[in-house]
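Single-structure report; data block below.
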Amino acid sequence: MHTRNLVLDPAHVDPPASAASAVSPHHVSPSPLHSQSLAHRDLRRDEFWRTIPGYAAVTAAEFGDHRWQNKHTVTNVRQLRDTLGSAVPESFYADIEAGIAAAPMALRISPYLLALVDWRDALADPIRTQFLPLRSQQQPDHPMLRFDSLNEREDSPVPGLTHRYPDKALFLPQPSCPVYCRFCTRSYAVGTDTEVVEKMKLSASTTRWEEAFAYIESQPQLEDIVISGGDTYNLSPAHIEAIGRRLLSMPNIRRLRYATKGLCVLPQKMLTDDAWLDALTRVVELGRSLHKDVVVHSHFNHANEITGFTEDALGRMTERGIHVRCQTVLQRGVNDTADAMTLLVRRLSFINVHAYYVYVHDMVPGVEDLRTPLHVAQALERHVRGATAGFNTPFFTLDAPGGGGKRDVHSADYYSRETGVSVFTSPSVKPGKKFLFFDPVASLGSEAQWRWTQPAERRAMMDEALSAV
Ligand SMILES: *Cc1c(COP(=O)(O)O)cnc(C)c1O
Ligand code: SF4
């Protein structure tokens, strides 16, 4: 079922069309993989969960109910063992236990996602890879990695509000999510404390919210607020509506986005939690009546995360005029092939989700095995563009470490494939500053790998990059 064999190495990517091939007839003929395959429409509607020992007796009505999903969410290895039993070898549990001990994020996964893992091939499965860390796959962090690599706390005028760009800001109302992704960029604040990270405390306190609202009101240039995560799925209907109404009432605010991973983790909520969907719908309708834009930003990383449940959930949202966009994180072994990324983007299009961004993986701790070099993102972008409508084609972006903001992956001012160092500038966000990004050390040649172990060599590689810009 998985198409991981086409690992995206530049050698496997077609060269850019040359002038000669641009006029040859084969240029316009559809390539068998991208234009004729309708695999993106094959959405699972079987009772796939029944192959999991712990879910063998679960009915479609139970599995399709968000309350059942919430109640059976797996948050520790004991529950995982109770659910999967002998579907995986005993050594797998020890590997996960050790992986969690070294991970920045606690364990939390819905039965729905657990059941979508192909447990016969658990080591390589793209959903397992994202949510269940294995000690045997973890790699040492890059020597230049820092906690909160995006510097969000430094750009925060009020705790839980990041204001980095002139007209938009990021509001974090509370710290929990319906799932914990082991690659979370906000592992400094999101989730419960783990053995390696004590989190910044961002409680769902209306006093703290009011401080954030007062700041937003005091900044006339702010027009756009991202209500993010934590995850807006974990806000009550009353809070969804209170936050939406308060922000829409400000004359300066023109655009709101509610960010949630929930559509990927628990699409059932859109089908059985009417109070929540109704609250969101009222905010969207209020926005429309004020001629303001209210949308949902979701987060899917692999086509296997999209099923008949997702299609039905999106159907309900589409009926209510709720627009949904998607932000994807590029991850090694999950979606770093042309096939995997193209299938994801076309499947998103098919269910009316606009693919908005594909992010190069941030430099966050404990997930070095998931990062890809910059050149993989550049090659993938060339492949994906053209696979579907332009407005459903994601923008491949790198959020420059140190607060440089989002940059086009093709816009590096300098990039050495040999040392893995790239330099970005960001004139509209931090004029005059240079931002460095580093490919994973394991993706480099042996000499460069050695150089990264030597502090003097590290300095030399960075100086070389900075002086070239
Ligand atoms: C990503 C981000 C935004 C929103 O940026 P868009 O490019 O408009 O999606 C706003 N504030 C911060 C701090 C962000 O990281
Ligand atoms: S849902 Fe988003 S905020 Fe929550 S853990 Fe995953 S990546 Fe982090």
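If you go through segment 160-186 and keep only what is over 30 Å from Leu134 (Cβ atoms) and away from ligand 1 (no atom under 14 Å from the Cβ), you end up with just Pro173. In segment 408-445, the residue that is nearest to the chain's Cα centre (by Cα) out of those that are surrounded by fewer than 17 Cβ atoms within 10 Å (Cβ to Cβ) and closer than 20 Å to Phe395 by Cα is Asp408.
Residues are listed down the side, and each one gets a yes or a no for (1) within 13 Å of ligand 2 (Cβ to nearest atom); (2) on the phi > 0 side of the Ramachandran plot; (3) at pLDDT below 95; (4) touching a Pro at 6+ places or on another chain (Cβ under 8 Å):
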site: Asp125; (1), (2), (3), (4): no, no, no, no
site: Phe147; (1), (2), (3), (4): no, no, yes, yes
site: Asp155; (1), (2), (3), (4): no, no, yes, no
site: Val158; (1), (2), (3), (4): no, no, yes, no
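Annotation: of all residues in segment 376-395 being touching a residue at least 60 places away in the same chain (Cβ under 8 Å) and under 18 Å from the mean Cα position of the chain (by Cα), the one that is nearest to ligand 1 (Cβ to nearest atom) is Pro394.
Condition check ((1) outside the structural domain of Glu97 (by TED's automatic domain parsing); (2) within 16 Å of ligand 1 (Cβ to nearest atom); (3) at pLDDT below 95) across all residues:
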{"residue": "Val196", "(1), (2), (3)": "yes, no, yes"}
{"residue": "Lys201", "(1), (2), (3)": "yes, no, yes"}
{"residue": "Ala212", "(1), (2), (3)": "yes, yes, no"}
{"residue": "Glu217", "(1), (2), (3)": "yes, no, no"}
{"residue": "Gln221", "(1), (2), (3)": "yes, yes, no"}
{"residue": "Met250", "(1), (2), (3)": "yes, no, no"}
{"residue": "Gly262", "(1), (2), (3)": "yes, no, no"}
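Could you go through segment 221-236 and let me know if any residue there is more than 16 Å from ligand 2 (Cβ to nearest atom) and closer than 21 Å to Pro178 by Cα.
Pass one, segment 221-236, residues more than 16 Å from ligand 2 (Cβ to nearest atom): 221-225, 236.
Adding the requirement that they be closer than 21 Å to Pro178 by Cα leaves 236.
The answer is yes, given that some residue of segment 221-236 is more than 16 Å from ligand 2 (Cβ to nearest atom) and closer than 21 Å to Pro178 by Cα.
Just checking, which of Gly230, Gly244 is buried (at least 20 other Cβ atoms within 10 Å of the Cβ), more than 16 Å from ligand 1 (Cβ to nearest atom), of a type in the set (Gly, Ala, Ser) and under 13 Å from Tyr258 (Cα atoms)?
Numbers: Gly230 fails: more than 16 Å from ligand 1 (Cβ to nearest atom).
Residue meeting the stated conditions: Gly244.
The values are calculated or read from the model by the stated rules, or taken from the named source; none is laboratory data. Not measured: the values here are computed from a predicted model. Note that we place each Cβ from the backbone using ideal geometry, even for glycine, and neighbour counts take in every protein chain shown.
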